[in-house]
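Throughout, read-outs are computed from the coordinates displayed, never taken from laboratory work. Nothing here was measured: the structure is a model prediction, and the numbers come from that model. Note: ideal-geometry Cβ built from the backbone for every residue, glycine included; neighbour counts use all protein chains shown.
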Amino acid sequence: MTRLRKNAIWRVNERRCVNKDTGLSCDQTITLTGIKPQRIGMPKLRRIGYRDPETGRYYEFMTNDFELSANTIVALFKERWQVELFFKWIKQNLKIKAFIGNSKNAIMTQIWVALCTCLILAYIKFSAKLDWSLQKIILILQLNLFIRRDLLSLLRGDPHPDTGQAYNKMALI
């Protein structure tokens, strides 16, 4: 699903009835008639016109989904910003800068692992009754990655019970 370009050249093949009270102005099957779409053999597409009652702006959407209702497609397009914010949040908080694999399964697995990690950290934050951000908790865990210690006592700031022994062992080495 995407917005239709203003300079797109197309021909209407079929028109469907729409409820104008919902903001929809058209629901059509179209064929792009520009040079490039004809050269690559572009399939028939669906064009949906919508005027947002809140802003008064007019939008034209283009999709290859002929199964969903026009109202559902408009609602999905409105929610696209939430999807963008979700991926921005993933990049910022879960430190996913690039995906390891290119397949759908690899991407979904990486996102699921990152989300599970975030949920575990949120649960730890809740259990420790901390008023810290997840970023601060992640930083503390990164700095203490190789220290064997109870996680909740680390986050609460309790002193490490073996502090003296650990320094003595290091001095002997």
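Which residue, Ile48, Ile96, Ile35, has the most motion in a Gaussian network model of the chain that connects Cα atoms within less than 10 Å?
For the chain, modelled as a Gaussian network with Cα springs under 10 Å, the answer is Ile35.
Going by amide H atoms built from the backbone, whose H comes under 5 Å of the H on Tyr59, apart from near neighbours?
Tyr50, Arg51, Asp52
So if I average 1/r over every pair of distinct C-alpha atoms in the chain and take the inverse, what Kirkwood radius in Å does that give?
One over the average 1/r among Cα pairs gives 21.3 Å for the chain.
Go ahead and set up a Gaussian network model of the chain, Cα springs under 10 Å, then flag whichever of Pro37, Pro161, Pro53 fluctuates most.
Result for the chain, Cα springs under 10 Å: Pro161 fluctuates most.
Looking at this model, which pairs from Lys20/Lys91; Lys88/Lys129; Lys44/Lys91 are more than 32 angstrom apart at the alpha-carbon?
Among Lys20/Lys91; Lys88/Lys129; Lys44/Lys91, the Cα-Cα distance tops 32 Å for Lys20/Lys91; Lys44/Lys91.
Let's see if you can work this out: charge +1 on each Lys and Arg Cβ, -1 on each Asp and Glu Cβ, no other charges. What is the dipole magnitude of region 2-80 about its Cα centre, in debye to the nearest 20?
Taking the Cα centre of region 2-80 as origin, the dipole is about 460 debye.
Quick one: Karplus J couplings for region 100-113, per residue in order, coefficients 6.51, -1.76, 1.60, θ = phi - 60°, nearest Hz, x for Gly and Pro?
Along region 100-113, the couplings run 5, x, 9, 6, 4, 5, 5, 5, 5, 4, 5, 5, 4, 5 Hz.
Can you find, among Asn19, Phe77, Gly34, the residue farthest towards the positive end of the dipole of region 2-80? Put +1 on the C-beta of Lys and Arg, -1 on that of Asp and Glu.
So the residue we want is Gly34.
So how strong a dipole does region 94-157 carry about its Cα centre when Lys and Arg Cβ are +1 and Asp and Glu Cβ are -1, to the nearest 20 debye?
Computed about the Cα centre, the dipole is about 60 debye.
Rank Lys95, Lys78, Lys36 by mean-square fluctuation in a GNM of the chain with C-alpha springs under 10 angstrom and give only the top-ranked residue.
Most flexible of the set in this elastic network: Lys36.
Treating only the Cβ atoms of Lys and Arg (+1) and Asp and Glu (-1) as charged, compute the dipole magnitude of the chain about its Cα centre; round to the nearest 20 debye.
700
If you take the charge dipole of the chain about its Cα centre, with +1 on Lys and Arg Cβ and -1 on Asp and Glu Cβ, which of Tyr123, Phe146, Leu68 is farthest toward its positive end?
Leu68
Based on alpha-carbon positions alone, could you give the equivalent ellipsoid semi-axes of region 30-107 from the gyration tensor, as √(5λ), descending, whole Å?
29, 22, 12
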